[in-house]
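Please read the structure below before turning to the comments.
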Amino acid sequence: ETGVTQSPTHLIKTRGQQVTLRCSSQSGHNTVSWYQQALGQGPQFIFQYYREEENGRGNFPPRFSGLQFPNYSSELNVNALELDDSALYLCASSSGQGEEQYFGPGTRLTVT
Amino acid sequence: EDQVTQSPEALRLQEGESSSLNCSYTVSGLRGLFWYRQDPGKGPEFLFTLYSAGEEKEKERLKATLTKKESFLHITAPKPEDSATYLCAVRPGGGNKLTFGTGTQLKVEL
């Protein structure tokens, strides 16, 4: 059984640029949630995708957007990057909307 | 708004010295309290889900308990490999997002 994978591992971007992060869900999981984790903080919920539809969103501006594909993999897009967007971005998959969420290793984004 | 507070922020134990981590929460209609372990620079690793007051779950040296206002993660005779940050999260009734605390950073020394 393959766990949750994310790419890339690390990324350095300049303020104002755009970035796309990718996530492959665990085998058999149809729900993907994205979280932002700043240094020393707990993960903050960005949004969740279930069967290719956004299914809940946290307090993040519209420049954070996402997609889920028919194979349940997902992308997180962030436009107009700001310095405060520097964080570990985590993807978690689950077998349903309310089941246990299993996290990937994360993508470390640094905005300079 | 859902809130999760974890204490202490950091804990240093000697190997074999048992202790407990606390997670206090306020949530509208708890639909699950979750414990995760996170190693530096890695994603959280799922440990337990608790659903109702009085419920307990165990895994190796860890035992999680739940009341109507808080959860405890008891660590019995810890080993250095138990060193990590332990995160607590809640899911509200009618919602799917997890609200996390800031974690307890545990260090177990020889």
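In chain A, if the dipole is taken from +1 on Lys/Arg beta carbons and -1 on Asp/Glu beta carbons about the Cα centre, which of A:Gln48, A:Leu88, A:Gln101 is farthest to the positive end?
A:Leu88
What translational D, rounded to a whole number of µm²/s, comes out for region B:1-102 from Stokes-Einstein when the hydrodynamic radius is the Kirkwood one over Cα pairs, at 10 °C and 1.306 mPa s?
Result for D is 115 µm²/s.
Starting at 0 and stepping by 5 Å, how many percent of the alpha carbon pairs of the protein assembly as shown end up in each bin?
1, 7, 15, 18, 19, 16, 12, 7, 3, 1, 0
Assigning unit charges at the beta carbon (Lys, Arg +1; Asp, Glu -1) and nothing else, what dipole magnitude in debye, to the nearest 20, does chain B show about its Cα centre?
Roughly 300 debye, rounded to the nearest 20.
If you take each beta carbon of peptide B:90-97 and count the beta carbons of other chains within 10 angstrom, what is the mean?
Neighbouring Cβ atoms belonging to other protein chains average 5 per residue here.
Summarise the partner chain shielding of B:37-43 as one whole number: the mean count of Cβ atoms from other chains within 10 Å of each residue's Cβ.
Per-residue shielding by partner chains comes out at 5.
Which GluC sites (Glu not before Pro) from region A:16-79 combine a DSSP loop assignment with at most 15 other Cβ atoms within 10 Å?
For GluC sites (Glu not before Pro) across region A:16-79 that sit outside H, G, I, E and B with at most 15 neighbouring Cβ atoms in 10 Å, the list reads A:Glu52.
First compute the accessible area of chain B with a 1.4 Å probe, then give the percent of it belonging to carbon and sulfur atoms.
Roughly 47 percent of what the probe reaches on chain B is carbon or sulfur.
Using +1 on the beta carbon of Lys and Arg, -1 on that of Asp and Glu, and nothing else charged, what's the dipole of region B:47-87 about the Cα centre, debye to 20?
About 100 debye.
Along the charge dipole of the protein assembly as shown, which of B:Phe46, B:Thr76, A:Gly58 sits closest to the positive end, that is, farthest toward it, with unit charges on the beta carbon of Lys, Arg, Asp and Glu (+1, +1, -1, -1)?
It is A:Gly58, whose Cα lies furthest towards the positive end.
Could you run the Karplus curve 6.51 cos²θ - 1.76 cosθ + 1.60 with θ = phi - 60° over region B:67-75 and give me ³J(HN,Hα) per residue in whole Hz, x for Gly and Pro?
Per residue, the Karplus-derived 3J(HN,Hα) values read 10, 6, 10, 7, 10, 10, 10, 8, 10 Hz.
Quick one: of B:Lys57/B:Lys79; B:Lys63/B:Lys107; B:Lys57/B:Lys107; A:Lys13/B:Lys107, which pairs are farther than 25 Å apart, Cα to Cα?
Checking Cα-Cα distances, A:Lys13/B:Lys107 exceed 25 Å.
Under unit Cβ charges (Lys, Arg +1; Asp, Glu -1), what dipole magnitude, rounded to 20 debye, does chain A have relative to its Cα centre?
340 debye
At a probe of 1.4 Å, how much accessible area disappears from chains B and A on forming the pair, both sides counted, to the nearest 100 Å²?
The buried area between B and A, both sides summed, comes to about 1500 Å².
In a shell of Cβ-Cβ distance under 10 Å around A:Arg63, excluding A:Arg63 itself, what net charge do Lys and Arg (+1) and Asp and Glu (-1) give?
-2
Specify the inter-centroid distance of region A:1-73 and region B:8-77, based on alpha-carbon positions, in whole Å.
25 Å
Starting from one equal scatterer on each C-alpha and no solvent at all, send me the Debye-based log10 I(q)/I(0) for chain A at q = 0.20, 0.24 Å⁻¹, two decimals.
Relative scattering, expressed as log10 I(q)/I(0), comes to -1.01, -1.42.
Averaged over peptide A:37-43, how many Cβ atoms belonging to another chain are found within 10 Å of each residue's Cβ?
Per residue, the number of nearby Cβ atoms from other chains is 6 on average.
The values are calculated or read from the model by the stated rules, or taken from the named source; none is laboratory data. All values reported here derive from a predicted model rather than from experimental measurement. Heads up, the Cβs are rebuilt from the backbone with ideal geometry, glycines too, and the neighbour counts pull from every protein chain shown. For accessibility, only protein heavy atoms count, side chains too; no ligands or nucleic acids. Shrake-Rupley method; radii C 1.70, N 1.55, O 1.52, S 1.80 Å.
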